[in-house]
Amino acid sequence: MTPSTRKALVGLFAVWQLSAVSTQTNADELIDGAALAQRIYDRADGQDAATLFTMTLTATNSTPRQRLAYSFRRDGKNGEVQSLLRFDSPADIRGTGLLVHSRADGSSDQWLYLPALDQVRRIASDRRGGRFVGSDIYYEDLEDRRPDRDRHRLLGQEQIEDLPTQLLESVPIDATKSVYRKRLAWIHEPTLLPVRVDFFESDDKPRKRLTVHKMEQIQGYWTITDSTMTDLTNGHQTRISVQTVRYDQNLPESLCTTQTLADPAIDGALRPQ
């Protein structure tokens, strides 16, 4: 995930990354790209956030399936970012949760809670390219991705939906640490939020596309409140529509633990309305 999508998607779920950089890329391009990526990562988004949202899954010629969920994100100690996501409905997924701890060194841990088994299990690093609960969002997309894990390059300016954007290319420094070979993000510089992100995996065509439909200023923080992730190979879509966001509530450290993940009643008491 690019820095642009890091706080965007984590902000949505409280949620949202490019061939290697050419050896002929000049130093100014790298510096400018890295500087923009750092500004995006450092964008003000509060010390914590609680979000209530719907996730709508749509396949071609199929009836959309809607899920209600809520999430928490908090900035922890030593640069760690923690998030907890929980589904509230429908009944077949109610209580399912995901806990993510992203560290300042770029490493992360993820745990999935399945109420049917009443079991918390760690997500292995080689499964980060797996789809989260059948959506178009990969487990990797839900991690906090620091800008120093990628090489960044500015490719120019473009108008997207009448908005001026900077086109930022990001390529993993260690290709073994990401399912994506590159990411292209169209950054609306006044807000430092992406208007669109294309995700490339094994070839020169994007595999997925994040499209932002709406952004709002909430408690002084620019927030993506409506977006869609599309699988460009089959047209399957996952739309995230935010109903409520509350920032800076001083969420407790105990909220983002495996103990809380295994007990939906604990975080349910803090569920945003």
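The values are calculated or read from the model by the stated rules, or taken from the named source; none is laboratory data. What you see is a predicted model, and the numbers here were worked out from it, not measured in a lab. Glycine gets a Cβ as well: all are built from the backbone with ideal geometry, and neighbour counts include every protein chain shown. When the accessible area is computed, the model is the full protein with side chains, heavy atoms only, and any ligands, DNA or RNA have been set aside. Shrake-Rupley method; radii C 1.70, N 1.55, O 1.52, S 1.80 Å.
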| query | Any residue in the range 136-149 that is closer than 27 Å to A37 by Cα, in contact with an Asp or Glu (Cβ under 6 Å, 6 or more places away or on another chain) and not aliphatic (A, V, I, L, M)? | reply | yes
| remark: The condition from (1) open to solvent by less than 40 Å² (accessible area, probe 1.4 Å); (2) touching an Asp or Glu at 6+ places or on another chain (Cβ under 8 Å) that P164 misses is numbered (1)
| message | Give all pairs with beta carbons closer than 8 Å in which a residue from the range 239-258 that is exposed (fewer than 14 other Cβ atoms within 10 Å of the Cβ) meets a residue that is basic (K, R); count only pairs at least 6 apart in sequence or on separate chains. | response | E253/R74
| Residue that is farthest from A269 (Cα to Cα), among those in the range 57-97 that are among the hydrophobic types (A, V, I, L, M, F, W, C) and not in a loop (DSSP other than H, G, I, E, B) | L57
| query | Could you give every pair whose Cβ atoms fall below 7 Å, whose first residue belongs to the range 210-236 and is among the hydrophobic types (A, V, I, L, M, F, W, C), and whose second residue is part of a loop (DSSP other than H, G, I, E, B), counting only separations of at least 6 or pairs across chains? | reply | L210/W16; M215/T191; W222/T191; M229/D136; M229/I137
| query | If you take the residues of the range 69-96 that are among the charged types (D, E, K, R) and open to solvent by less than 10 Å² (accessible area, probe 1.4 Å), which of them is farthest from D263 (Cα to Cα)? | reply | R73
| query | Yes or no: E169 more than 24 Å from A50 (Cβ to Cβ) and open to solvent by 20 Å² or more (accessible area, probe 1.4 Å)? | reply | no
| note | Residue count, the range 180-200, condition at pLDDT 95 or above and not in a strand (DSSP E or B), comes to 4
| said: Being over 17 Å from Q237 (Cα atoms) and part of a strand (DSSP E or B) is the filter here; which residues of the range 201-223 pass it? | reply: M215, E216, Q217, I218, Y221, W222, T223
